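Below you'll find the structure, written out as structure tokens, and then a few comments.
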Amino acid sequence: MIVSLRPASSSPPVDIPQRRRVIVIGATEAGVCAAFHLGRCSMLVEQHGASEGGPLGKLREFMPGELRLGERVDAIHTIERRLYLASGESFIYDKLLSCVSVPHLLRLIVDETPSRIRGGEWWSYWLECRGIELLDTAAQLDHGDLDGEAGGKRLAEKVRREMVLKFAYRPVTGRSSGLFQPRVVSG
């Protein structure tokens, strides 16, 4: 019996990202409301408010999802749908809800962004194609939301419908299913 040991590697450990269905950046009224209505499948990331006694620290009492206070978003890779935190952790997301302004969000994106896009509506469409939904005050005004709570609830319902459609069970049917059925071939 021959036993060989793996050679000791000097390479750094591979960063394995964690997976979250929905990540909300920013603990604005709309962001907190969206994370609350999305429930356990959401993670709320806020740079400020790390103290437990502060107003944001009290969110832990009623927030059903994961809450990351005092964490700063370092970068967003839209092609991989991956969010990097300053602490070194990274998360793969299905949907990212951004409560920060569009210029700040665009500084976080590390992919190449198109240079021809000028208007806010076009940025909204480009970001939505990459799994990012805007929930800043400008987007709330565009959609006619009365306040942040209405905007958060509206977007949470939209994301919930999209997640149901994306992850719904669909039995395999159609033309290709006939290929796998046993047949008797006369010869």
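The values are calculated or read from the model by the stated rules, or taken from the named source; none is laboratory data. All values derive from a computational prediction rather than experimental measurement. Here Cβ is always computed from backbone atoms with ideal geometry, including for glycine, and neighbour counts include all displayed protein chains.
What to note about this one:
- Filter result (of a type in the set (Gly, Ala, Ser) and within 13 Å of the chain's Cα centre (by Cα)) within region 123-169: Gly131, Ala156
- Filtering Asp94, Asp74, Asp147, Asp142 for residues that are in contact with a helix residue (DSSP H, G or I) (Cβ under 9 Å, 6 or more places away or on another chain) and modelled with pLDDT under 90 leaves a single hit, Asp142.
- Unmet criterion (only one of (1) over 22 Å from Ile76 (Cβ atoms); (2) in contact (Cβ under 8 Å) with a residue 24 or more places away in the chain; (3) not small (Gly, Ala, Ser)) for Val159: (1)
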